[in-house]
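Inspection log for the structure reproduced underneath, given as C-alpha cells.
The values are calculated or read from the model by the stated rules, or taken from the named source; none is laboratory data. What you see is a predicted model, and the numbers here were worked out from it, not measured in a lab. Reconstructed Cβ throughout: ideal geometry from the backbone, glycine too, with neighbour counts over all protein chains shown.
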C-alpha cells in the first residue's frame, strides 16, 4: 500500500493521479462486505480477507489501477511516450483513462521509489505544459480532461446474435441467447458473403430497419476486448460507443471501409441451414420420446 499512500498524500501527484479503490471498480450490489478499501492503517489487511470471503467480485491488491485522466493524456500516450520510451517502465495494460501496474514478490522499495519519482516528473511536465498554454490551448486541454474524467463513452450492452446464428439448449428445443460464433466466423471467409458499410451507412441501414450483422471481431485497443463478434447484430448503442471512442487502434474496423457485415442473401441462406438443423434436432427428440 506504500505506493497508493504516497500518491494520495503527495500534493503534486494527487492533483493529477489517483489509484482506484474497491468502490471505483466493484459496484455496491456485488460487495456484500461493504468494504471500501482493502487496506486500513489501523486494521491492516483485515478488509481484504472480508472482501474475498463475502463479495462476488474481489480485487487483487497486487494490481494497482492508476487514473490518469486529469493529466489530459490517455493511457496509450502515458504508456508509450513516458513510461516505456522515456523511463523503461513496463505496464500490464491501459484503458482510455487508466494504466495498470502489477507488483509481485520481486518488487522492492527502490522499484516503488523509482515509479513515484517518474510520476512526479510526469506531473511536473503536465504543470509546465499547462502553464505555457494560451487561453485557446487551455480550453482544449480542459475539454480533453473533461472527456477523460466526466464525459466517458457509454459502454454498450451485448446486443444479440442474429437468428441465423442463435444457439439452442442441449435438447434442441429452446432457443438461447448463446450464439454459434464458429459458423458465423467461417461464413465470413467467403468474400461474396460480406459487404462493407461505413459507420454512417450502417446507422442509416439500422434506422431503415435492417439488421446489420458483424462478420468479424471488432476490438478497440486499448483496452482490447471485443465490442462485436461474428454473428452479432450491430445496435445503435454500439455505434454511439464507436463514435465516441478516441483510441488509436480498432482491430476489425477501418474508417475508410467501415464495418464488414454479412449480405442479406448470406444471412438468409445461413438462416435456412439453421432451420433445417433445428428441424432435425426436434425430429430426433420426438422419436426418442415416442420410444
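Here are some notes:
- Identity of the residue in region 202-224, more than 21 Å from residue 268 (Cα to Cα) and in contact with a strand residue (DSSP E or B) (Cβ under 6 Å, 6 or more places away or on another chain), that ends up modelled with the highest pLDDT: 218
- The residues on offer are 158, 185, and the sole one that is touching a residue at least 60 places away in the same chain (Cβ under 8 Å) and surrounded by 13 or more Cβ atoms within 10 Å (Cβ to Cβ) is 158.
- Filter result for residue 48 (within 22 Å of the chain's Cα centre (by Cα) and buried (at least 17 other Cβ atoms within 10 Å of the Cβ)): no
- Scanning region 221-232 for residues being part of a strand (DSSP E or B) and surrounded by fewer than 20 Cβ atoms within 10 Å (Cβ to Cβ) gives a total of 1.
- Which listed residue is modelled with pLDDT under 90, at negative phi and touching a strand residue (DSSP E or B) at 6+ places or on another chain (Cβ under 9 Å), from 3, 38, 48: 3
- Picking from residues in region 23-37 that are surrounded by 15 or more Cβ atoms within 10 Å (Cβ to Cβ) and over 24 Å from the mean Cα position of the chain (by Cα), the one that is nearest to residue 5 (Cα to Cα) is 35.
- Taking the conditions (1) out of contact with any strand residue (DSSP E or B) (no Cβ under 9 Å at 6 or more places or on another chain); (2) modelled with pLDDT of 85 or more; (3) not in a helix (DSSP H, G or I) in turn, residue 246 satisfies each one other than (2).
- Only one of the numbered conditions (1) surrounded by 13 or more Cβ atoms within 10 Å (Cβ to Cβ); (2) outside the structural domain of residue 17 (by TED's automatic domain parsing); (3) in a loop (DSSP other than H, G, I, E, B) is not met by residue 107, and that is (2).
- Annotation: residue 125 fulfils all but one of (1) surrounded by 19 or more Cβ atoms within 10 Å (Cβ to Cβ); (2) in contact with a helix residue (DSSP H, G or I) (Cβ under 9 Å, 6 or more places away or on another chain); (3) within 19 Å of residue 148 (Cα to Cα); the unmet one is (1).
- Residue in region 252-270 that is closer than 22 Å to residue 153 by Cβ and modelled with pLDDT under 80 present: no
- Residue in region 214-236 that is in contact with a helix residue (DSSP H, G or I) (Cβ under 7 Å, 6 or more places away or on another chain) and at positive phi present: yes
- When region 63-90 is filtered for residues that are surrounded by fewer than 17 Cβ atoms within 10 Å (Cβ to Cβ) and within 17 Å of residue 18 (Cβ to Cβ), only 63 remains.
- Count of region 1-53 residues which are assigned to a loop (DSSP other than H, G, I, E, B) and under 21 Å from residue 70 (Cβ atoms): 7
- Hey, residue 82 under 21 Å from residue 13 (Cβ atoms), assigned to a helix (DSSP H, G or I) and modelled with pLDDT of 90 or more or not: yes
- Subset of region 1-14 [touching a residue at least 12 places away in the same chain (Cβ under 8 Å) and either exposed (fewer than 13 other Cβ atoms within 10 Å of the Cβ) or out of contact with any helix residue (DSSP H, G or I) (no Cβ under 7 Å at 6 or more places or on another chain) (or both)]: 1, 2, 4, 10
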